[in-house]
Every structure is written in structure tokens, then in C-alpha cells.
Amino acid sequence: MSETRKVIDTTPERIFAVLADGWSYASWVVGAAHIRDVDAGWPAVGSRIHHKVGPWPLQLNDQTTVRAMEPDRLLELDARMWPIGKAIVRITLEPVSAASTRVTMAESIVSGAGHLLPEAVQTVLLRPRNAEALERLSDIAVHRPIMRPSLD
């Protein structure tokens, strides 16, 4: 499993508010494009984001599904990565201080052609992409006014 970490200068609540806003998904996930729909109740377990992946005009319809969720602490996703396969992405939030949070993004390709790659190769391919995703997540969580959606 490839792990990428970043300390973000804000609270877990602000970071999770971005994760809980399904419409912001393509703003911080590298490779995700146009959001077509977000299931009611996102990020409840089983809910999905329906989006496109890839560069225009070669974009394909895809979806990401929540596997596990603990508000302000954890979001685990089934992320389809057509044509590479499917990955499990686990994002954990750990307070470092009153105003900073360690975010860990762990990803493992679990099916498809990408699953055949050795873990070391997966890490070489995934770490730069996930580092960029955490940079984008940081920019949004720190600088954008966030309206927290209800998790009911």
C-alpha cells in the first residue's frame, strides 16, 4: 500500500468538510474530471460520486464509492481507475495541534491490470499523484470558505 502524508495547517473538521463535499471531488483528486452526480447522503457508506476521468475528449464515465467513514477522522473509498483497475483509498486525519492535521492518503490497486504491478512500482506511480491531491486538498481546506454538509 502506497502512503503519502502531509501536515495541513487547519483542523480535521475543515479538511473533512472538503471530503464530505462530493461536488468538490474533481477539484482535489488528480485525474477526476466533471462531476455528473453525487448520491444523497454522501459520504455515507455505500454512497457514490459519479464523475468522469481522463483528459478531454477521452473522458470516461466512472464512479467512486464510500467503503468506510468516521466524521473528521476517516474516509475510505473504492476508486475505479479504468482501465488500470480498482483501488482502495484510505484518507485518515490526525490532529497534530489545535490548528494542524496530519493527513495520510494510503492507496492500493486491488484489481485489474494495475494489480499485477509490484507494490514498489505502484508506489512510484501513485505517490506523486497523491502528493498533488493532498496539495490541492490543503489549498481548498485552508483557503476556501466551507459550508459543512449535514452527515445525517
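For the stretch 15-71, a residue qualifies if it is of a type in the set (S, T, N, Q) and touching a helix residue (DSSP H, G or I) at 6+ places or on another chain (Cβ under 9 Å), and the qualifying residues are SER24, SER27, SER47, THR64. When the strands (runs of 3 or more DSSP E) confined to the stretch 1-110 are screened for residues that are of a type in the set (Val, Ile, Thr), in contact (Cβ under 8 Å) with a residue 24 or more places away in the chain and closer than 25 Å to ARG144 by Cα, those reaching at least 1 such residues are found at 2-8, 48-53, 60-70, 85-97.
ALA133 meets the conditions (1) at pLDDT below 95; (2) surrounded by 17 or more Cβ atoms within 10 Å (Cβ to Cβ); (3) within 23 Å of VAL7 (Cβ to Cβ) in every case but one. The failed one is (1).
Within the stretch 57-70, the set of residues being surrounded by fewer than 17 Cβ atoms within 10 Å (Cβ to Cβ) and closer than 15 Å to VAL30 by Cβ comprises GLN59 only.
Taking the condition farther than 13 Å from THR4 by Cβ and modelled with pLDDT of 95 or more, does ARG80 pass? Considered against the rule, which asks whether it is farther than 13 Å from THR4 by Cβ and modelled with pLDDT of 95 or more, ARG80 comes out as no. Kindly establish whether SER27 is over 20 Å from ARG129 (Cα atoms) and hydroxyl-bearing (Ser, Thr, Tyr). Against the criterion (over 20 Å from ARG129 (Cα atoms) and hydroxyl-bearing (Ser, Thr, Tyr)), SER27 does not qualify. Scanning the stretch 76-105 for residues that are within 15 Å of ARG14 (Cβ to Cβ) and among the acidic types (Asp, Glu) returns a single hit, GLU94.
The values are calculated or read from the model by the stated rules, or taken from the named source; none is laboratory data. It should be emphasised that the depicted structure is a prediction, and the values quoted were computed from it without experimental measurement. FYI the Cβ positions are ideal-geometry reconstructions off the backbone, even for glycines, and counts take in every protein chain you see.
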